[in-house]
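One structure is given here, and the rest of the page talks about it.
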Amino acid sequence: MENLIGKKVNVYFNLHSKLWSIKHKGRVVGHAKHLTLRPMKFHISEAGRLRVVEKKQRAVHAWITGIIIDFKDKNTDKNPISYNPYFLGSFYTVKNKKPYMNLEKNLFFNHKTKRVHILD
């Protein structure tokens, strides 16, 4: 998967494999335990979110688009952000529950915590 470094991808947590799914040019091209991403956009399909809330059935409707920096484990659980369609219609910081949309800080996708962490 090293060939994806520097590429623009979409990343979301796969609830079945418990890994981060990586889409490139519309196709899932791999799964990773860890990766660091320079974010470009946070996506949430409002129609998809409402379907999930209404049917109480999980479905991919939120992801982060960005450029892959590496696949190294940063071994951190600090500064987590999360997404919960039942709680808020955006990604949010776990600490203060406020919406998070910052595109200036790199993000670490951690398999162990099943969360995305803001890197300093």
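What follows is calculated from the coordinates using simple rules that are stated; it is not laboratory data. Here the structure is a predicted model, which is why all the values come from computation and not from measurement. We place every Cβ from the backbone using ideal geometry, glycine too, and count neighbours over all the protein chains shown.
Dipole magnitude for the chain: computed about the Cα centre from +1 point charges on Lys and Arg Cβ and -1 point charges on Asp and Glu Cβ, it is near 260 debye. The stretch between GLN57 and ARG27 holds 8.5 nm of extra length on full extension. This uses 0.36 nm per residue minus the Cα-Cα distance.
Please identify the longest segment of the chain free of exposed chymotrypsin sites (Phe, Trp or Tyr not before Pro), where exposed means a DSSP state other than H, G, I, E or B and no more than 14 other Cβ atoms within 10 Å. The longest uninterrupted stretch comes out as 1-85. Which of ILE22, TYR86, GLN57 sits farthest toward the positive end of the charge dipole of the chain, with +1 on the Cβ of Lys and Arg and -1 on the Cβ of Asp and Glu? Toward the positive end, the furthest listed residue is GLN57.
Partners of LYS74 within straight-line reach, counting lysines whose Cα lies under 17 Å from its Cα and excluding those fewer than 8 residues away in the same chain: LYS33, LYS105, LYS112, LYS114. Here the Karplus curve 6.51 cos²θ - 1.76 cosθ + 1.60, taken at θ = phi - 60°, turns the phi angles of segment 65-77 into couplings of 9, x, 9, 5, 9, 6, 10, 8, 6, 8, 6, 10, 10 Hz, with x standing for Gly and Pro.
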